[in-house]
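Beneath this line is the structure, given in C-alpha cells, with notes to follow.
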Amino acid sequence: MEGTSTMRITRTLAAALSAAALTIGSLASTPAVAADNPYQRGPAPTNTSIEATRGTYAVSTKTISALSARGFGGGTIYYPTSTADGTFGVVAISPGYTASQSTIAWLGPRLASFGFVVVTIDTTTRYDQPTSRGSQLLAALDQAIGDSTVGPRIDATRQAVVGHSMGGGGTLEAAKTRRSLEAAVPLTGWNLDKTWPEVEAATLVIGAQNDTVAPTTSHSIPFYNSLSGAERKAYLELRGASHFAPVTSNTTIAKHTLSWLKRYVDDDTRYEQFISPGPSTAIGSPVSDYRVN
C-alpha cells in the first residue's frame, strides 16, 4: 500500500512538471517535446480528434485462443504496430453477463489507435459473476504483459481495466484486488457490492439514464459516491440510453474513456480539458449528468 501511494505521488508530481513544461514551452513559442512526459503518446488532442473512430497509430492484432488463455476465456490483443514511440500502457476490457467479447470489440482497436495495448476478453463462462470477471481482467493483463510479441511493447507499471455490466462490476473488483491499477472504467456496471472505499485507481463511472438492468440509482451512483479512496473519480450519465449502450460503437463512451485513460494511464495533462469542467449536461447534450471531484 505504501509503495503504491508513493508511486502515485511521484507520478502526479511528474505530471505537474509536465504541465508546467508545456506552459513554459507555449510562452516561449517553442513546441513542447515528448520528453516532458515520457508516457505521452500522440499529438495534442482536440474535441474532433478524440471523437474520431481511429487515432494516429496503425493497429495490429493477436488472437488469444481459449486453449492458450491462462485464467480467462480467450480474447484479442490490439496494439500499435510501430515500436518507434517506445512502450504503452495496457488495458483489459470485459463484456457483460451472457455476452462475448464481440460486444465490446469495437472499443479495442479504437483505444489502441491512440496509443494503448488493449485486450478484449471472453470470460471463462458467459455466466461468470463480477468477482470472477475482475480476476479474469487481471489474468488478461498479465498474459498480455508476458506475451512474446506484445509484451515488449507494454509498460507493465501502467495498467487499467474497462468493462460492461457485470464486467463493469468486475473492474471495481479488479481495482480492489490490484491496488496498483492506474484507472478503471465501469460501463453501466452491475455489482451487488455498492461500496468501494478500497479502490485507489482513478475511476470513471459511466451510467445510462434509462438503464433498467443496473439502474444508476442503485448501481453507478452508489459506486461513484463510495469511491472515497480513489485517486480521482467522475460520474458520467448517458442521456436517454439503456443498459446496452456500450455494446455498440458510442462516441460519448469512447471519447471520455479515452480521455480518462490518457490522463491517468499516460499521465497526459493535455486531456484534462475534457475531464474538468467536463461535458455539458444541457438539453440536447448526450450527457444528462456529470460529476467530478
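The values are calculated or read from the model by the stated rules, or taken from the named source; none is laboratory data. As the structure is a prediction and not an experimental result, all values here were calculated from the model. Cβ: placed from backbone, ideal geometry, glycine included. Neighbour counts: every protein chain shown.
For residue 33, work out the one condition from (1) more than 29 Å from residue 178 (Cβ to Cβ); (2) loosely packed, with under 12 Cβ neighbours inside 10 Å; (3) modelled with pLDDT of 95 or more; (4) among the β-branched types (Val, Ile, Thr) it doesn't fulfil.
Tallying (1) more than 29 Å from residue 178 (Cβ to Cβ); (2) loosely packed, with under 12 Cβ neighbours inside 10 Å; (3) modelled with pLDDT of 95 or more; (4) among the β-branched types (Val, Ile, Thr), residue 33 fails exactly one: (3).
What are the pairs, 6+ residues apart or on separate chains, where a residue within the stretch 240-267 that is more than 26 Å from residue 39 (Cα to Cα) has its Cβ under 6 Å from a residue that is assigned to a helix (DSSP H, G or I)?
246/253; 247/103
Only one of 278, 229, 284 is free of Cβ contacts under 8 Å to residues at least 12 places away in the same chain, more than 23 Å from residue 104 (Cβ to Cβ) and either of a type in the set (Gly, Ala, Ser) or surrounded by 15 or more Cβ atoms within 10 Å (Cβ to Cβ) (or both). Can you tell me which?
Testing whether each residue is free of Cβ contacts under 8 Å to residues at least 12 places away in the same chain, more than 23 Å from residue 104 (Cβ to Cβ) and either of a type in the set (Gly, Ala, Ser) or surrounded by 15 or more Cβ atoms within 10 Å (Cβ to Cβ) (or both) leaves just 284.
For the condition assigned by TED's automatic domain parsing to the domain that holds residue 72, within 20 Å of residue 101 (Cβ to Cβ) and of a type in the set (Gly, Ala, Ser), what is the one hit in 151, 167, 229, 207? Working first, answer last.
Working: 151 fails: within 20 Å of residue 101 (Cβ to Cβ); 229 fails: within 20 Å of residue 101 (Cβ to Cβ); 207 fails: within 20 Å of residue 101 (Cβ to Cβ).
That would be 167, the only listed residue that is assigned by TED's automatic domain parsing to the domain that holds residue 72, within 20 Å of residue 101 (Cβ to Cβ) and of a type in the set (Gly, Ala, Ser).
Could you list, in sequence order, all residues of the stretch 66-85 that are touching a residue at least 60 places away in the same chain (Cβ under 8 Å) and not polar (S, T, N, Q)?
First, pick out the residues of the stretch 66-85 that are touching a residue at least 60 places away in the same chain (Cβ under 8 Å): 69-73, 75, 77, 79-80, 83.
Within the stretch 66-85, 69, 70, 71, 72, 73, 75, 77, 79, 80 qualify.
Kindly check whether there is at least one residue in the stretch 245-261 that is farther than 18 Å from residue 107 by Cα, among the polar types (S, T, N, Q) and in a helix (DSSP H, G or I). Reasoning before the result, please.
So in the stretch 245-261, the residues farther than 18 Å from residue 107 by Cα come out as none.
No, the stretch 245-261 contains no residue that is farther than 18 Å from residue 107 by Cα, among the polar types (S, T, N, Q) and in a helix (DSSP H, G or I).
Of the residues 165, 100, 94, 180, which single one is more than 21 Å from residue 203 (Cβ to Cβ) and not β-branched (Val, Ile, Thr)?
Values: 165 fails: more than 21 Å from residue 203 (Cβ to Cβ); 94 fails: more than 21 Å from residue 203 (Cβ to Cβ); 180 fails: more than 21 Å from residue 203 (Cβ to Cβ).
Selected residue: 100, the only one of 165, 100, 94, 180 that is more than 21 Å from residue 203 (Cβ to Cβ) and not β-branched (Val, Ile, Thr).
Scanning for something closer than 30 Å to residue 194 by Cα, crowded, with 22+ Cβ neighbours inside 10 Å, out of contact with any helix residue (DSSP H, G or I) (no Cβ under 8 Å at 6 or more places or on another chain) and not hydrophobic (A, V, I, L, M, F, W, C), does the stretch 127-150 turn up at least one residue?
Scanning the stretch 127-150 turns up at least one residue that is closer than 30 Å to residue 194 by Cα, crowded, with 22+ Cβ neighbours inside 10 Å, out of contact with any helix residue (DSSP H, G or I) (no Cβ under 8 Å at 6 or more places or on another chain) and not hydrophobic (A, V, I, L, M, F, W, C).
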